[in-house]
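Data first, discussion second: the structure below is written as structure tokens.
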Amino acid sequence: MTLIKSISGIRGTIGGEMGVNLTPIDIVKFTVAYTRFIASKNEAKKLRIVVGRDARISGEMVNDIIEGTLLGCGADVINVGLCTTPGTEMAVITHKADGGIIITASHNPKQWNALKLLNEKGEFLNAEEGQQVLALAEAEDFLFPDVENIGKVISREDFNPTHIDQVLALKLVDVEKVKARKFKVVVDAVNSIGGVVIPALLEKLGCEVVKLNCEPNGQFAHNPEPLAENLTEISKVIVEVGADLGIVVDPDVDRLALVNEDGTMFGEEYTLVAVADYVLSHTLGNTCSNLSSSRALCDVTVAHSASYSASAVGEVNVVTKMKATNAVIGGEGNGGVIYPELHYGRDALVGVALFLTYFAEQNCTMTELRLRYPAYFASKNKIELTPAIDVDKVLSTIKERYAHERVNDIDGVKIDFAAHWVHLRKSNTEPIIRIYTEAKSQEEADEVAQKFIAEIKEVAGL
């Protein structure tokens, strides 16, 4: 597997050939590059870097290499150990650190791991900063500090309780209101850190918790991406135990999927929609998601007399757009809720607390709540192209053909029709075009997808 180097970090499969997979040498190389980048912004200052990891099998090994490398580069380390991605981000903010490294491959299978890189705000590096790190990784002129100036471990701490308390302290989180409802909740945390953090949060909210795959041993019980096809077990358990809802998170707990009381999916796209509905009912402001997210968020936003904006795909792009538009709630349609009142990062804990407060106010079931929102259906496809095909030219041609429609080209080509939309994007690592569509029925979404797949093939000469 090719080592994937992107603006937000480095990821790959553990073991194998150096430079092709994520090996110890590669981990050292990119940790040094990141330290050099952070040092360039903090000249003559002793660096302080937070390190946290999810529970995947390779996490402890990668953590030890990163911690030792940071010390050898002269940086002090605050190691928060097993910690969620949003928790690690909050640790950077809380400790006023100069940056952070999150050791997680998010929803990728257990053989994967990654280094996700944060700035001093606990936010992912932007494109320009990420490119600087990648360039520094190719340099071979780094001067390491002598023994008197190596770093030290400032603390090894469990930051998760602090993060939970920070979430519960939010103005729009009503702990007593949730406690009064005594929700019964099934949690599937795919045997990662969410199995510790989400039940702890729910118990503080007075919920009865039924744990499923909550042992943080990195042995993922199913494909860790929280999609319907991977969640058959929790659907059965919810019905068997008579739970009010189910909560599913990915290994690093930045994505939140909800399951209805009858075992059907609330829908990853609708996590953000429901939370935004609640936030906008109490807060004046705008919303934002990426171009591939559901139109339902826009509909809810307009219903609250607010403005909706779309960004390019990627958390850092959503955050940038949120700041530019003064959005009070935003995120991505994969269940990622970003609530700036706490921090600019996808945070499943924030999503859970805000959603349960909202749900506690409603005299309805999960299925009834879901029916209150516009029904949209998505189809996600891809076309593999030969390296000889000019993907940019293909997308440009499609854009010209539909110039009479509402077209957005900040990230590939998105065409908004009256009753549906299509988003065409090229992969950054291989000759693939991704085709995402959304419509008011699954049949229509699939039909639109097939229409554009045929059109792309015709333009590409396939």
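Considering only residues that are among the aromatic types (Phe, Trp, Tyr) and buried (at least 16 other Cβ atoms within 10 Å of the Cβ), look in segment 123-176 and name the one that is farthest from Gly68 (Cα to Cα).
If we filter segment 123-176 for residues that are among the aromatic types (Phe, Trp, Tyr), which is where we start, we get 124, 142, 144, 159.
Next, only the ones that are buried (at least 16 other Cβ atoms within 10 Å of the Cβ) stay: 124, 159.
Details: Phe124: 22, Phe159: 21 Å.
Across segment 123-176, the extreme among qualifying residues is Phe124.
Kindly state which strands (runs of 3 or more DSSP E) lie completely within segment 1-82 and contain at least 2 residues that are out of contact with any Cys (no Cβ under 8 Å at 6 or more places or on another chain) and of a type outside the set (A, V, I, L, M).
In segment 1-82, the matching strands (runs of 3 or more DSSP E) lie at 4-6, 9-13, 76-82.
Under 7 Å between Cβ atoms, which residue pairs at least 6 apart in sequence (or on different chains) link something in segment 433-454 that is over 11 Å from Asn381 (Cβ atoms) with a partner that is assigned to a helix (DSSP H, G or I)?
What qualifies is Glu438/Ala445; Ala439/Ala445; Ala439/Val448.
Matching residues to (1) more than 16 Å from Phe124 (Cβ to Cβ); (2) part of a loop (DSSP other than H, G, I, E, B); (3) in contact with a strand residue (DSSP E or B) (Cβ under 7 Å, 6 or more places away or on another chain):
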residue: Thr301; (1), (2), (3): yes, no, yes
residue: Ser309; (1), (2), (3): yes, no, yes
residue: Met322; (1), (2), (3): no, no, yes
residue: Gly330; (1), (2), (3): no, no, yes
residue: Asn334; (1), (2), (3): no, yes, no
residue: Val350; (1), (2), (3): yes, no, yes
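Just for segment 140-178: of the residues that are without any contact (Cβ under 8 Å) to a residue 12 or more places away in the chain and under 30 Å from Val253 (Cβ atoms), which one is farthest from the chain's Cα centre (by Cα)?
The extreme case among them is Glu176.
Picking from Ile101, Ile10, Ile49, which residue would you name as being under 22 Å from the mean Cα position of the chain (by Cα) and either over 30 Å from Glu148 (Cβ atoms) or of a type in the set (Asp, Glu) (or both)?
From the options Ile101, Ile10, Ile49, the qualifying one is Ile10.
For segment 11-58, which positions are on the phi > 0 side of the Ramachandran plot and of a type in the set (A, V, I, L, M, F, W, C)?
Ala44
May I ask you to say which residue of Glu405, Glu438, Glu443 is closer than 20 Å to Ala312 by Cα, surrounded by fewer than 18 Cβ atoms within 10 Å (Cβ to Cβ) and not assigned by TED's automatic domain parsing to the domain that holds Gly314?
Glu405
With the requirement that a residue be at pLDDT below 95, closer than 25 Å to Pro387 by Cα and not polar (S, T, N, Q), what does segment 413-434 give you?
Hits for segment 413-434 are Arg425, Lys426, Glu430, Pro431, Ile432, Ile433, Arg434.
Could you look through segment 301-312, keep only residues that are buried (at least 22 other Cβ atoms within 10 Å of the Cβ) and in contact (Cβ under 8 Å) with a residue 60 or more places away in the chain, and pick out the one that is nearest to Gln442 (Cα to Cα)?
By that ranking, first place goes to Ala310.
Just need a number here: residues in segment 250-285 that are part of a helix (DSSP H, G or I) and aromatic (Phe, Trp, Tyr).
Residues that pass the stated criteria total 2.
Only one of these is in contact with a Lys or Arg (Cβ under 6 Å, 6 or more places away or on another chain), touching a residue at least 12 places away in the same chain (Cβ under 8 Å), outside the structural domain of Cys214 (by TED's automatic domain parsing) and closer than 14 Å to Ile193 by Cβ: Gly59, Gly52. Name it.
Just a single option satisfies the conditions, and that option is Gly59.
What residue, among those in segment 355-378 that are part of a helix (DSSP H, G or I) and not hydrophobic (A, V, I, L, M, F, W, C), is surrounded by the fewest Cβ atoms within 10 Å (Cβ to Cβ)? Lay out the reasoning, then the answer.
Our first condition is that a residue be part of a helix (DSSP H, G or I); within segment 355-378, this holds for 355-361, 366-370.
Filter once more, so that each one left must be not hydrophobic (A, V, I, L, M, F, W, C): 357-358, 361, 367-368, 370.
On the way: Thr357: 21, Tyr358: 21, Glu361: 14, Thr367: 14, Glu368: 12, Arg370: 19.
Once the filter is applied, the top-ranked residue is Glu368.
Could you go through segment 329-337 and let me know if any residue there is surrounded by fewer than 20 Cβ atoms within 10 Å (Cβ to Cβ) and over 19 Å from Ile93 (Cα atoms).
No - not one qualifying residue is present in segment 329-337.
Between a residue in segment 340-366 that is of a type in the set (Asp, Glu) and any residue that is assigned to a loop (DSSP other than H, G, I, E, B) and surrounded by fewer than 24 Cβ atoms within 10 Å (Cβ to Cβ), which pairs come within a Cβ distance under 9 Å, given they are 6 or more apart or on different chains?
Sorted first by the residue in segment 340-366, then by its partner, the pairs are Glu341/Leu170; Glu341/Lys171; Glu341/Leu172; Glu341/Thr283; Glu361/Asp174.
The values are calculated or read from the model by the stated rules, or taken from the named source; none is laboratory data. From a predicted model like this one, the values you see are computed outputs, not experimental measurements. As a convention, Cβ positions derive from the backbone with ideal geometry for all residues, glycine included, and neighbour counts pool all protein chains shown.
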